[in-house]
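Student: Quick one: this structure, given as structure tokens, is what I'll be asking you about.
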Amino acid sequence: KAGVTQTPRYLIKTRGQQVTLSCSPISGHRSVSWYQQTPGQGLQFLFEYFSETQRNKGNFPGRFSGRQFSNSRSEMNVSTLELGDSALYLCASTPSGGSLEQFFGPGTRLTVL
Amino acid sequence: AQSVTQLDSQVPVFEEAPVELRCNYSSSVSVYLFWYVQYPNQGLQLLLKYLSGSTLVKGINGFEAEFNKSQTSFHLRKPSVHISDTAEYFCAVSARAGGTSYGKLTFGQGTILTVHP
């Protein structure tokens with residue numbers, strides 16, 4: 001099976017712009033979680049989607065949003081980018097059935113100038 | 001809410017020596033416990049997990065961890081490390097039940113393991 005894929009791998013934006021990141025989970029996985037990784041704050045949970053519904057959300061401002069499509073692919077959007085949004089954004093998918101293991105993609109490296 | 005403390009930010013060790021990476025957690029509910037490894041410019045890979053049962057858990061690449069409920073710890077060990085084990089290691093917890101647990105891992109700050117020849 002193919003692993004979790006994230007596109008693009010690298011992105012450079014300027015302050016005030018918006019950005020959309022994409023995540024394709026492992027085939028058959030219906031849960032997708034997003035994390036932000038920075039040197040200062042470490043790995044922080046953004047949100048989780050299951051069957052096109054957001055089930056859980058972390059403590060991030062409303063500029064961070066996401067959605068999930070019927071094929072379980074997920075996107076996250078950050079509007080009005082700030083310098084502090086520069087980070088590695090990781091997506092993870094989880095199989096149904098209680099294994100609880102999250103399978104991570106390689107991440108999208110976002111740089112905000 | 002859950003929190004995770006990894007007691008060492010960096011651990012240098014020589015090749016073939018044993019290593020222990022320490023992890024303590026805090027939670028008002030029962031949790032599941034995980035160790036992940038991250039190599040440069042890559043995502044996270046699961047090393048091992050504790051869901052229930054035996055408190056000694058064996059994972060990939062010769063790693064093992066022991067869950068200690070009374071000390072709220074989940075330390076990671078390897079009896080003999082290799083150069084290829086150089087990476088950053090993350091301890092994580094997930095609440096066992098409840099809406100706030102869906103898809104959410106709470107991570108420690110990470111421990112950089114550097115194996116020297």
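Student: Determine whether B:A92 is in contact with a His (Cβ under 7 Å, 6 or more places away or on another chain), outside any loop (DSSP other than H, G, I, E, B) and within 26 Å of A:P39 (Cβ to Cβ).
Tutor: Values: in contact with a His (Cβ under 7 Å, 6 or more places away or on another chain): no; outside any loop (DSSP other than H, G, I, E, B): yes; within 26 Å of A:P39 (Cβ to Cβ): yes.
No.
Student: Looking at the stretch A:93-107 only, could you name the residues that are open to solvent by less than 40 Å² (accessible area, probe 1.4 Å), under 15 Å from A:S27 (Cβ atoms), of a type in the set (G, A, S) and more than 7 Å from chain B (Cβ to nearest Cβ)?
Tutor: A:S93
Student: For A:Q17, are the conditions met, namely being out of contact with any strand residue (DSSP E or B) (no Cβ under 6 Å at 6 or more places or on another chain) and farther than 26 Å from B:I60 by Cα? Outline the logic, then answer.
Tutor: On the way: out of contact with any strand residue (DSSP E or B) (no Cβ under 6 Å at 6 or more places or on another chain): yes; farther than 26 Å from B:I60 by Cα: yes.
Yes: the conditions hold for A:Q17.
Student: What tally of residues in the stretch A:50-66 results from selecting those that are surrounded by 13 or more Cβ atoms within 10 Å (Cβ to Cβ), more than 8 Å from chain B (Cβ to nearest Cβ) and assigned to a strand (DSSP E or B)?
Tutor: Residues flagged as surrounded by 13 or more Cβ atoms within 10 Å (Cβ to Cβ), more than 8 Å from chain B (Cβ to nearest Cβ) and assigned to a strand (DSSP E or B) within the stretch A:50-66 amount to 5.
Student: Listed residues B:S80, B:S3, B:S30, B:S9; which is in contact with a Gly (Cβ under 8 Å, 6 or more places away or on another chain), within 14 Å of another protein chain (Cβ to nearest Cβ), small (G, A, S) and surrounded by fewer than 20 Cβ atoms within 10 Å (Cβ to Cβ)? Working first, answer last.
Tutor: Details: B:S80 fails: within 14 Å of another protein chain (Cβ to nearest Cβ); B:S3 fails: in contact with a Gly (Cβ under 8 Å, 6 or more places away or on another chain); B:S30 fails: in contact with a Gly (Cβ under 8 Å, 6 or more places away or on another chain).
Being in contact with a Gly (Cβ under 8 Å, 6 or more places away or on another chain), within 14 Å of another protein chain (Cβ to nearest Cβ), small (G, A, S) and surrounded by fewer than 20 Cβ atoms within 10 Å (Cβ to Cβ) holds for just one of B:S80, B:S3, B:S30, B:S9, which is B:S9.
Student: Working only within the stretch B:42-54, note down all residues that are buried (at least 17 other Cβ atoms within 10 Å of the Cβ) and either away from every other protein chain (no Cβ under 14 Å) or among the hydroxyl-bearing types (S, T, Y) (or both). First the steps, then the outcome.
Tutor: To start, the set of residues in the stretch B:42-54 that are buried (at least 17 other Cβ atoms within 10 Å of the Cβ) comprises B:43-44, B:46-50.
Within the stretch B:42-54, just B:Y50 meets the criteria.
Student: Shifting gears a bit: Regarding B:T106, is this residue under 30 Å from A:S74 (Cα atoms) and open to solvent by 20 Å² or more (accessible area, probe 1.4 Å)?
Tutor: Details: under 30 Å from A:S74 (Cα atoms): yes; open to solvent by 20 Å² or more (accessible area, probe 1.4 Å): yes.
So B:T106 fits the description; yes.
Student: Scan the stretch B:33-41 and give yes if some residue there is open to solvent by 40 Å² or more (accessible area, probe 1.4 Å), more than 14 Å from every other protein chain (Cβ to nearest Cβ) and either at positive phi or part of a loop (DSSP other than H, G, I, E, B) (or both), otherwise no.
Tutor: As a first pass, look at the stretch B:33-41 and keep what is open to solvent by 40 Å² or more (accessible area, probe 1.4 Å): B:39-41.
Cutting the leftovers down to more than 14 Å from every other protein chain (Cβ to nearest Cβ) gives us none.
No, there is no match, as no residue in the stretch B:33-41 is open to solvent by 40 Å² or more (accessible area, probe 1.4 Å), more than 14 Å from every other protein chain (Cβ to nearest Cβ) and either at positive phi or part of a loop (DSSP other than H, G, I, E, B) (or both).
Student: Restricting attention to the stretch A:23-45, does a residue exist that is over 13 Å from the mean Cα position of the chain (by Cα), within 17 Å of B:T106 (Cα to Cα), surrounded by 15 or more Cβ atoms within 10 Å (Cβ to Cβ) and facing chain B (nearest Cβ under 10 Å)? Before the answer, list the steps.
Tutor: Step one: filter the stretch A:23-45 for residues over 13 Å from the mean Cα position of the chain (by Cα), giving A:26-30, A:38-42.
Now narrow it down to the ones that are within 17 Å of B:T106 (Cα to Cα): A:38-42.
Filter once more, keeping what is surrounded by 15 or more Cβ atoms within 10 Å (Cβ to Cβ): A:42.
Checking the rest, the ones that are also facing chain B (nearest Cβ under 10 Å) come to A:42.
Yes, the stretch A:23-45 contains at least one residue that is over 13 Å from the mean Cα position of the chain (by Cα), within 17 Å of B:T106 (Cα to Cα), surrounded by 15 or more Cβ atoms within 10 Å (Cβ to Cβ) and facing chain B (nearest Cβ under 10 Å).
Student: Of all the residues that make up the stretch A:1-22, how many are surrounded by 15 or more Cβ atoms within 10 Å (Cβ to Cβ), within 11 Å of chain B (Cβ to nearest Cβ) and outside any loop (DSSP other than H, G, I, E, B)?
Tutor: Number of matching residues: 2.
Student: Only one of these is at pLDDT below 95, of a type in the set (A, V, I, L, M) and under 26 Å from A:T38 (Cβ atoms): B:A87, B:A1. Name it. Break it down into steps so the answer makes sense when it comes.
Tutor: Details: B:A87 fails: at pLDDT below 95.
Matching residue, one of B:A87, B:A1: B:A1.
Student: So, one more: Among (1) assigned to a loop (DSSP other than H, G, I, E, B); (2) in contact (Cβ under 8 Å) with a residue 40 or more places away in the chain; (3) under 23 Å from B:F34 (Cα atoms); (4) of a type outside the set (D, E, K, R), there is one condition A:S72 misses while meeting the rest; what is its number?
Tutor: (3)
Student: What's the total number of residues in the stretch A:67-91 that are aliphatic (A, V, I, L, M), exposed (fewer than 14 other Cβ atoms within 10 Å of the Cβ) and within 11 Å of A:L21 (Cβ to Cβ)? Break it down stepwise before answering.
Tutor: The initial filter retains those residues of the stretch A:67-91 that are aliphatic (A, V, I, L, M), namely A:76, A:78, A:81, A:83, A:87-88, A:90.
Next, only the ones that are exposed (fewer than 14 other Cβ atoms within 10 Å of the Cβ) stay: A:83.
From what is left, the residues that are within 11 Å of A:L21 (Cβ to Cβ) are none.
Summing the residues that are aliphatic (A, V, I, L, M), exposed (fewer than 14 other Cβ atoms within 10 Å of the Cβ) and within 11 Å of A:L21 (Cβ to Cβ) in the stretch A:67-91 gives 0.
Student: Can you report the number of residues in the stretch B:55-77 which are of a type in the set (G, A, S) and surrounded by fewer than 16 Cβ atoms within 10 Å (Cβ to Cβ)?
Tutor: Quick first cut of the stretch B:55-77, residues of a type in the set (G, A, S) only: B:59, B:62, B:65, B:70, B:73.
Now restrict to residues that are surrounded by fewer than 16 Cβ atoms within 10 Å (Cβ to Cβ): B:62, B:70.
Residues that pass the stated criteria total 2.
The values are calculated or read from the model by the stated rules, or taken from the named source; none is laboratory data. Everything numeric in this text was worked out from a predicted model, so none of it was measured. Neighbour counts run over all protein chains shown; Cβ positions are idealised from the backbone, glycine included. Only protein heavy atoms, including side chains, enter the accessible area calculation; ligands, DNA and RNA are left aside. Shrake-Rupley method; radii C 1.70, N 1.55, O 1.52, S 1.80 Å.
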